[in-house]
Amino acid sequence: MKSFNPRYLLFLILFYSIHARSQIKGKVIDDAGTPLEYATVAVYQQADSTLAGGVITDYEGIFEIDGLKKGKFFLKASFIGFETRYINHIVIDKQKGSKDLGTIRLIPGNRLSEVVVQADKKSMISKIDRQVFETSQFNSTQGGSGSDVIRNLPAVSINGQGEISVRGTTGFVVLFNGKPLQGDPVAFISQLPANAIERVEVITAPSAKYDPEGKAGIINIYTRKEVLNGSFAQVNIKGGFPSIETYGNEDLHRRYGGDLTYNMRNDRWNISVGASYQKNDLGGRREGDVYTVNNDTLTRFPSTGERSFDEISYNGRLTADYNPNESNSFSLGFYGGKRTKDRLADIVYYDNHAITPAEEGSRIYTFRYFNHNLRTRKGDFILGSLDYNHIFNNESRLSGSLLYEYTLLGGPTVNQNLGYPDASVVYQDEYNTNDNPLHGTRLQLDYDFKPLSFGTLEIGYQYRGLDHTGDFVYERQNNNTGEFELVPEFSSDADLKRNIHSGYVQLGNTRKKWQYSAGVRLEAMNREYDLKDKTGTIDTTYSYDFVKLFPSASLQYSFNESTDLRAAYSRRIERTTTFKMNPFPEREHSETLEQGDPTLKPEFIDLAEIGISKDLHCGNSIYATGYYRHVKNVVNRVNTVYNDTILNRIYSNVGNAKTWGLEMGSQFNITEKWSNFIGGNLNHYKLKGTFDGRPVNTTSTMYSLNINSTYEFGETASVQFNFNYLSDRVTAQGEDSRFYSPNLTFQKSFLDNRLKATLQWLNMDLGLLKTNEQRISTSTSGQFYTTTNYIYEVDMVVLNLSYILKTGNNKSRFIDSEFGKKEF
């Protein structure tokens, strides 16, 4: 008997027909009763203003929008030179049939009528498992990156080192248009143009349908898609004014770039192409002081000097959607680019000296030197994905997705200790480099059963494969021969292979005022980490496997149409990166080495939260969420003394942690033209464990605040002020100071809104504040103490120009429709 060929199943799926679903239809006319051809008609979900479908009217002014499911909607009809018409509370309560809205009359000019209902689109929406934020409200992000967008969200904060944290933790996962990425979220977000982002979802307690990685949850970033058939093109250009403060840096800081988007759509195809180039330099300096105690000798080396960043990134994006019929759809996507980031630290150690005995001794020596440290990080990447969706006659849905990613990471570090003030004297010249090619594959299959009497049932399977190799070479110049020689104790080959198989089942339902969802995910992981030195004396493989359940549940009760109460639970995992497991030290700069642990265990997290949200009148809203997070096997970076002038930073499992927190946000309008958005996060963190035979017992309370206030001058001009604040907080071995950044943005539209000019004043300071500045201190009693103040560029002025090149439409109807740079 022949075995079943799965290709036959795919063939049957491709040609499985489906009956027509619900539609909304009608006719658009002017005040004289003449049909309006090419009028734009779009339907949105009433609950969250999500686009459900859209068309262009034909020569008789008639439109039909198909493929709508059960729910509440509102309709928007518009035409150039006419007032926009809104029709609210359109209810579709059947899966078949149509809703005929009859004749919709548009009024020319600025005349108003009692039939015109204005509907404000919300910029913050609370759902059962997530918060949704529209990015159009953040004018200060124009011309920037995705990092500039998400720093405005209530639960998100960014410190002086550019580290992004959600509810006080850096462990989170990024979804790109709903597709998982296993890449470093900071590296990915920083390369995505802000102009391309339409909305951001913060999913703090994800369901079992999602991969359980990320102890803080998921940030889901959606890029813009055009609504109507025809073609669309837009170009954005950014240029920075000369730096007001140079900090004595060697080179001038330059900020410029641009991105281009082109979209073409018809009944079957939707093709989008985008490209971006960004040059983002950041000037600054650092002031530090360090002492170590080694063999009863205290060595101290205060320092000051340049610490600046030069960054270039460029990338391209392509998405092609094909809809052969109403039951099948295909999507092909590519996203690739290059990124280079140079961190220059030219530091003078102006009073390096040693004292023995450490308590009250005298100086053994006093020594000055100049350290030139240039660290380059490169990341070339390409993502490719293929998606397929099929809707059966009984409303069941089958979807499949295949994603592949290749990333080439690497970059050298030059570390030179030179004479001071005579830099021609070379005390030590070192060079270390690494090549880290990464291959990642993800296969996803999901099946949503037809609506059942007890709710909706979803099942799925996912495979994720990661192959990450690393070649680390560390060389030091022989001062006698002038040749660079290998330093074996700092050089290695590190290869990580990880395979994950998982399956899930998810059940959800809505009963009157109740909405619930519950599920469980079973995951089996195999990790092999092969470690070799360059001399061939070390060749060890470290293995780690597990099979675990990851349950989730969420519940929502609606008191009325405007007030919801929510509760959720989710079990998560934070996996360790290749870099954090490499036990061979890497020389970061003159003061430090960084070292990993090949036996690191993943962090396992339990998340629970309860929250309430309320929609107020005139588009105002408010929400509050209390949360609890327990983390097992916490991975922390801790310092030890390597020698009298170098600290060793080691990644290690140090214990368990608990976090209690409160997150709040509100959108409110003081006047019709003055809108505001404010969000904040307060949490208390407690870590308890051991490291190097010593107890670790740390508690910390921190808060963050994000404010966004916009005032509109008429229809085409606005001014916006936004402020991001992160409080000081205690860390595992010290403390980080507060960090804040105020920004002011002026925006003006021209040429019937086709040209938009945005003038930004970033990191406002005027020499009066301590904007964009953060002090980081660490210590262990009797062993070492470090304090470093990082001062980065302020009062940066940037001009962005955005121009819509093409907005053509036609008569055709609109058809509705993970891996990465984690080591960067």
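Laboratory data are not the source of any read-out in this text; all were calculated from the coordinates shown. Since the structure is predicted, the reported quantities are computational estimates derived from the model, not experimental observations. Here the Cβ positions follow ideal geometry from the backbone for every residue, glycine too, while neighbour counts run over all protein chains shown.
If we sort 789-798, 209-218 on the protection proxy, mean other Cβ atoms within 10 Å, highest first, what's the order?
209-218, 789-798
Can you tell me the alpha carbon radius of gyration of the stretch 225-365 divided by the globular rule-of-thumb value 2.2 N^0.38 Å?
Taking N as the residue count of the stretch 225-365, the ratio is 1.87.
Suppose we keep just the DSSP beta bridges with both residues in the chain; what percent of those would be antiparallel, to 5? Walk me through the numbers before you get to the answer.
Values: 407 of 422 bridges.
Given both bridge residues lie in the chain, the antiparallel proportion sits at roughly 95 percent.
Give, as ranges by residue number, the residues of the stretch 276-314 whose backbone N falls under 14 Å from the point 7 Å along Cα→Cβ of residue 420.
Under cut-off, by backbone N: 286-290, 300-307.
Could you work out the Kirkwood radius for the stretch 649-799, taking every pair of different alpha carbons, averaging 1/r and inverting it, reported in Å?
18.7 Å
Can you pull out the trypsin sites (Lys or Arg not before Pro) in the stretch 487-574 that DSSP calls coil and that have at most 16 other Cβ atoms within 10 Å? Intermediate results must be reported in sequence, preceding the final value.
Working: sites: 497, 498, 511, 512, 513, 521, 527, 532, 534, 548, 566, 571, 572; in loops: 512, 513, 534.
Counting only loop positions with at most 16 other Cβ atoms within 10 Å, the trypsin sites (Lys or Arg not before Pro) in the stretch 487-574 are 512, 513.
Can you tell which of 651, 583, 207 lies farthest toward the positive end of the dipole of the chain, using +1 and -1 charges on the Cβ of basic and acidic side chains (Lys, Arg; Asp, Glu)?
The one lying farthest along the dipole's positive direction is 207.
Can you give the local net charge around residue 572? Use residues other than it whose beta-carbon is closer than 10 angstrom to its beta-carbon, Lys and Arg +1, Asp and Glu -1.
Within the 10 Å Cβ shell, the charges total -2.
Once you list every other residue whose beta carbon is under 10 Å from the beta carbon of residue 612, what net charge do they have if Lys and Arg are +1 and Asp and Glu are -1?
Once all neighbours under 10 Å are counted, the net charge is +1.
Determine ³J(HN,Hα), in whole Hz, for all residues of the stretch 211-220 in sequence, where each value follows from phi through the Karplus function 6.51 cos²θ - 1.76 cosθ + 1.60 and θ = phi - 60°; x replaces Gly and Pro.
With coefficients 6.51, -1.76 and 1.60, one gets 4, x, 6, x, 6, 9, x, 10, 10, 9 Hz.
Any chance you could check the Cα centroid distance between the stretch 69-88 and the stretch 367-383 for me, in angstrom?
Spelled out, the Cα-based centre of one part sits 54 Å from the other.
Given the C-alpha centroids of the stretch 588-603 and the stretch 726-743, what is the distance between them in whole angstrom?
23 Å
Between their Cα atoms, which of 215/548; 70/450; 497/548; 215/532; 341/534 are more than 23 Å away from each other?
The pairs that break the limit, which is 23 Å between Cα atoms, are 215/532; 341/534.
Starting from 0 in steps of 5 Å, tell me what percent of the Cα-Cα pairs of the stretch 416-488 lands in each bin.
3, 11, 11, 10, 9, 7, 7, 6, 5, 6, 5, 5, 5, 4, 3, 2, 0
Roughly how many whole Å is it from the C-alpha centroid of the stretch 477-507 to that of the stretch 426-461?
The stretch 477-507 and the stretch 426-461 have Cα centres separated by 20 Å.
Could you name the aspartates and glutamates whose alpha carbon sits less than 14 Å from that of residue 513, not counting residues in the same chain fewer than 8 places away?
Hits, sequence-local ones excluded: 561, 564.
Would you tally the net charge around residue 794, using a Cβ to Cβ cut-off of less than 10 Å, leaving residue 794 out, and scoring K and R as +1, D and E as -1?
Details: positive: 770; negative: 245, 765, 773, 793, 795.
Computed value for this residue: -4.
Please give the charge dipole size of the chain, origin at the Cα centre, charges +1 on K and R Cβ atoms and -1 on D and E Cβ atoms. Round to the nearest 20 debye.
3020 debye
With viscosity set to 0.890 mPa s at 25 °C, what whole-number translational diffusion coefficient in µm²/s follows for the stretch 592-653 from Stokes-Einstein and a Kirkwood radius over Cα pairs?
158 µm²/s
Given (i) 46; (ii) 60; (iii) 33, which label gives percent of Cα pairs over 43 Å apart as computed from the coordinates?
Only one listed value fits the structure, namely (iii).
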